[in-house]
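The values are calculated or read from the model by the stated rules, or taken from the named source; none is laboratory data. Just so it is clear, the structure is predicted and the values come from calculations on it, not from any experiment. Because the Cβ atoms are built from the backbone with ideal geometry, glycine has one as well, and the counts that use them run over all protein chains shown. The area values use the complete protein model at the heavy-atom level, side chains included, leaving out ligands, DNA and RNA. Shrake-Rupley method; radii C 1.70, N 1.55, O 1.52, S 1.80 Å.
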Amino acid sequence: MSVFDGLRFRKVYSPIHNLDPRIKFVYVIAIFVVAILFYQIIPLLVLFFMQIPFVLLARVQRQWLRSLRGAAFLATFIFVVNVATTYFTSGYLLTAANVENAAAMTLRFVVLVESFSVFFLTTSPDHLGLALEESRVPYEFAFAFTTAVRFVPVLAEEAQTIMDAQKARGLELEKGGLLKRIRNYVPVLIPLIVSAIRRSLELAEAMESRAWGATKKRTNLYLLKLHKGDYALLAITVGILAVAVYVHFFVSIPTIASLL
Amino acid sequence: MAIIETKNLTYTYPGATKPSIVDVSIKVEKGEFVLITGPSGCGKTTLCRCFNGLVPHFYQGELKGEISVSGIDTLKHHTYEMAKHVGLVFQNPENQLFALSIEKDVAFGLENVGVSREEMRKKVDWALNQTGIYDIRERSPHEISGGQQQRVAIASVLAMEPEIIVLDEPTSFLDPLSAEKIFEVIYRLNKEQGITVILVEHRLDLTAKYTDHLIVMDEGKVRFEGDPRQILSSEETRLIGVGIPKATLLYQMLKKEGLNLGDKTPLSSEELADQLLEALSPQ
Ligand SMILES: Nc1ncnc2c1ncn2[C@@H]1O[C@H](COP(=O)(O)OP(=O)(O)O)[C@@H](O)[C@H]1O
Ligand SMILES: [Mg+2]
């Protein structure tokens with residue numbers, strides 16, 4: 001249908017989607033920290049594979065693979081730069097250990113991307129907005145966030161309508177060089193901006209009419225409550241951190257090269 | 001005492017050269033169903049904005065004359081204070097819903113004034129039920145039809161339990177069937193909950209039958225106010241550009257031709273059908 005289809009959020013229910021976004025965020029940060037803690041490839045591989053059950057439980061494997069593919073270019077770049085630097089600094093020697101090191105650095109990056117993408121793929125915007133509201137983020141920000149998400153599909157649809165209308169009048173969007181193509185979009189952007197401004201005025205009017213700013217002590221229809229699954233994830237997170245710290249200080253991690 | 005009363009209300013938007021409403025003096029009693037109509041640009045929306053203080057607090061500009069709504073002088077009180085008394089429903093349903101779920105939108109006003117969660121839940125569910133959208137309360141506004149969106153907008157002002165609901169052309173974006181459903185919801189709120197309703201509409205065909213207080217505006221002024229049967233049968237009303245119901249027009253044509261259907265001017269097809277049947281049936 002529309003080129004903006006990917007921007008539309010969908011409600012999905014899965015054990016992972018239902019988790020409290022705050023706990024999920026803590027989990028992601030913990031993975032982040034552990035990934036920074038290790039530079040050896042074995043623990044990073046373990047971290048990488050540990051995310052897969054989450055992805056499968058949440059049934060977001062397709063989107064997840066897509067985000068990994070998106071990171072592939074940067075990952076290759078990191079790998080090449082790492083190999084090259086060690087190659088030149090170690091006097092033009094290419095050892096297995098060096099390649100393994102570079103692979104570990106790359107894997108660290110992939111783990112970071114992977115865990116953040118699991119978070120964003122499995123947290124619905126209203127959950128995220130609610131988490132923002134319940135953290136000490138000023139309500140205005142949380143409101144701006146959810147309202148922006150609310151209007152993404154509306155504006156996308158409008159952009160599509162305007163594009164169709166301008167095309168019907170002979171506008172050719174896909175013609176010319178890069179600069180020309182960018183300039184082609186001006187007749188689409190201007191009506192879109194004008195209408196967005198009008199829309200925002202109407203929104204402001206509607207907000208005022210519904211007692212926006214009546215009291216500093218705003219209440220909330222929903223309350224984020226921790227369930228069994230959240231406590232389980234919290235326990236897993238603490239477990240991961242504990243094991244990671246123990247291994248980091250008390251276990252000497254072999255490299256794959258030395259094992260072979 | 002009248003629930004809404006204005007005296008010589010005149011308002012000019014900032015930067016405008018001439019006032020958008022001029023010397024408007026109207027009176028609305030508690031529990032009434034008032035219909036406001038008139039050609040585009042005659043100041044209907046502007047008048048609605050006066051009822052909850054958007055004019056002049058939000059729009060600035062110069063307001064002269066007197067206005068009292070629910071016994072409150074809107075000049076001296078903010079729009080957020082008026083929200084408990086007057087609910088405004090706007091023309092475009094899409095631009096008055098901001099949340100990602102319908103029930104969250106309905107709760108928006110109550111959250112703003114700081115109602116406790118338990119009480120909020122009750123009021124939200126009540127408003128959802130009154131407007132017939134309880135079953136879709138968890139959907140997002142983008143997933144529902146325009147008619148449903150407009151019912152959400154009505155529910156979201158209804159949840160505040162206002163004495164007055166003002167609807168500014170609530171059906172101009174809707175198909176006739178959804179429009180009729182909206183009117184039925186409004187009519188029921190007026191009859192069963194005793195909420196005073198002010199409805200701005202062009203579709204008199206569908207709405208004239210609900211009211212016995214019609215206000216016709218033109219060029220910022222109130223041109224006619226009173227019994228719709230009388231106003232809609234006058235020649236002048238038609239010349240201003242008010243969409244007279246077809247049934248009323250037909251009645252007048254038949255009357256001119258000498259067919260007497262009784263003294264009561266019909267406002268809807270149903271009323272005219274009854275009169276015709278009565279006239280045509282052999283005694
Ligand atoms: N926000 C505004 N700023 C300046 N002028 C306005 C604004 N809104 C409406 N007007 C003007 O006020 C007059 C009455 O408009 P409006 O109340 O919207 O009429 P209606 O709702 O009957 O179509 C029009 O001439 C219009 O141009
Ligand atoms: Mg209007």
With +1 on the Cβ of every Lys and Arg and -1 on the Cβ of every Asp and Glu, the dipole magnitude of the range A:138-231 about its Cα centre, in debye rounded to the nearest 20, is 200 debye
For B:Met253, the accessible surface traced by a 1.4 Å probe with all protein chains present amounts, in square angstrom to the nearest 10, to 120 Å²
With label points set 7 Å from each Cα along the Cα-to-Cβ direction at B:Ser25 and A:Leu241, the distance between them in nm comes to 7.4 nm
Correct response: the longest run of chain A lacking exposed GluC sites (Glu not before Pro), defined by DSSP loop and at most 12 other Cβ within 10 Å, is A:1-171
Taking a probe of 1.4 Å and leaving out DNA, RNA and ligands, the range A:152-260 shows per residue an accessible area in Å² of 66 Å²
Dividing the alpha-carbon radius of gyration of the range A:1-123 by 2.2 N^0.38 Å, where N counts its residues, gives 1.24
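Which FRET efficiency value, to the nearest 0.05, is calculated for A:Leu179 and B:Leu177 with the Förster distance at 45 angstrom and r the Cβ-Cβ distance? Walk me through the intermediate numbers first.
Details: r = 50 Å, r/R0 = 1.11.
With R0 = 45 Å, the Cβ-Cβ based efficiency is 0.35.
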Taking only the Cα positions of the range B:98-160, the convex hull volume per residue in Å³ is 68 Å³
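Can you count the Lys pairs in the range A:138-231 with C-alpha separation below 24 Å, eight or more apart or on different chains? Kindly include the intermediate steps, with their values, before the conclusion.
Values: A:Lys167/A:Lys175; A:Lys167/A:Lys180; A:Lys216/A:Lys225; A:Lys217/A:Lys225.
Step by step, the pairs that qualify in the range A:138-231 add up to 4.
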Over the Cα atoms of chain B the radius of gyration and the largest Cα-Cα distance (Dmax), both in Å, equal 19.9, 66
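May I have the convex hull volume per residue, in Å³, for the Cα set of the protein assembly as shown?
On the way: hull volume 125.0 nm³, N = 543.
Dividing the Cα hull volume of the protein assembly as shown by its residue count gives 230 Å³.
Calculate, for B:Asp135 and A:Val137, the FRET efficiency according to 1/(1 + (r/R0)^6) with r their C-beta to C-beta distance and R0 30 Å; round to the nearest 0.05. Don't skip to the end; give the middle numbers.
Working: r = 33 Å, r/R0 = 1.09.
The formula returns an efficiency of 0.35 here.
Taking trypsin sites (Lys or Arg not before Pro) as candidate sites, keep only those in a DSSP loop with at most 14 other Cβ atoms within 10 Å, then name the longest stretch of chain B containing none of them. Each step should come with its number before you reach the end.
On the way: sites that count: B:Lys30, B:Lys76, B:Lys264.
Free of exposed loop sites, the longest segment is B:77-263.
Chains A and B: how much accessible area gets covered up at their contact, both sides added, probe 1.4 Å, in Å² to the nearest hundred?
Values: alone 17160 and 14050 Å², together 27590 Å².
By this definition, chains A and B bury close to 3600 Å².
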If each part is reduced to its alpha-carbon centroid, the range B:104-129 and the range A:188-242 end up apart, in Å, by 16 Å
Among GluC sites (Glu not before Pro) in the range B:235-282, those in a DSSP loop whose Cβ has at most 15 other Cβ atoms within 10 Å are B:Glu257
Cα-based Rg then Dmax for the range B:140-283, in Å, read 17.4, 58
Taking a label point 7 Å from the Cα of A:Phe25 along Cα-to-Cβ, the residues of the range B:96-119 whose backbone nitrogen sits under 16 Å from it are none
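Counting only protein heavy atoms, what percent of the accessible surface of the range A:138-231 is carbon or sulfur at a 1.4 Å probe?
Working: 3830 of 5760 Å².
Ligands and nucleic acids excluded, carbon and sulfur give 67 percent.
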Two pseudo-spin positions, 7 Å from Cα along C-beta at B:Glu143 and at B:Ser234, lie apart in nanometres by 5.1 nm
In nm, the gap between the two label points placed 7 Å beyond Cα toward Cβ at A:Val81 and A:Val251 is 3.1 nm
Heavy-atom accessible area per residue of chain B, all protein chains kept, 1.4 Å probe, expressed in Å², is 43 Å²
Counting only DSSP loop positions in the range A:169-260, the trypsin sites (Lys or Arg not before Pro) whose Cβ has at most 10 other Cβ atoms within 10 Å are A:Arg169, A:Lys175, A:Lys216, A:Lys217, A:Lys225
Answer in debye to the nearest 20: the dipole magnitude of the protein assembly as shown about its Cα centre, from +1 Lys/Arg and -1 Asp/Glu charges placed on Cβ, is 1960 debye
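Beyond a 28 Å Cα-Cα separation, which of these cross-linked pairs lie in this structure: B:Lys64/B:Lys209; B:Lys7/B:Lys246; B:Lys221/B:Lys246; B:Lys30/B:Lys209; B:Lys7/B:Lys255? Working shown, then result.
Working: B:Lys64/B:Lys209 34 Å; B:Lys7/B:Lys246 34 Å; B:Lys221/B:Lys246 26 Å; B:Lys30/B:Lys209 19 Å; B:Lys7/B:Lys255 38 Å.
In this structure, B:Lys64/B:Lys209; B:Lys7/B:Lys246; B:Lys7/B:Lys255 lie more than 28 Å apart at Cα.
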Relative to chain A, whose Cα atoms define the longest principal axis, helix A:125-134 and its Cα axis are tilted in degrees, nearest 10, by 80 degrees
Projected area averaged over all directions for the convex hull of the alpha carbon atoms of the range B:44-126, nm², comes out at 6.5 nm²
So the pair-distance distribution of chain A, from every Cα-Cα distance in 10 Å bins, comes to percents of 6, 20, 23, 22, 18, 9, 2, 0
The percentage of the accessible area of the range B:98-160 (probe 1.4 Å, all protein chains present) made up of carbon and sulfur atoms, to the nearest whole number, is 42 percent
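Give the Kirkwood hydrodynamic radius (Å, one decimal) of the range A:138-231, defined as one over the mean of 1/r across all pairs of different Cα atoms. Don't skip to the answer; put the middle values down first.
Numbers: mean 1/r = 0.0590 Å⁻¹.
For the range A:138-231, the Kirkwood estimate is 16.9 Å.
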On each of the three principal axes the extent of the alpha-carbon atoms of the range B:28-73, given in whole Å and largest first, is 30, 30, 17
Taking Lys and Arg as +1 and Asp and Glu as -1, residues besides B:Ile231 with C-beta under 12 Å from its C-beta add up to -2
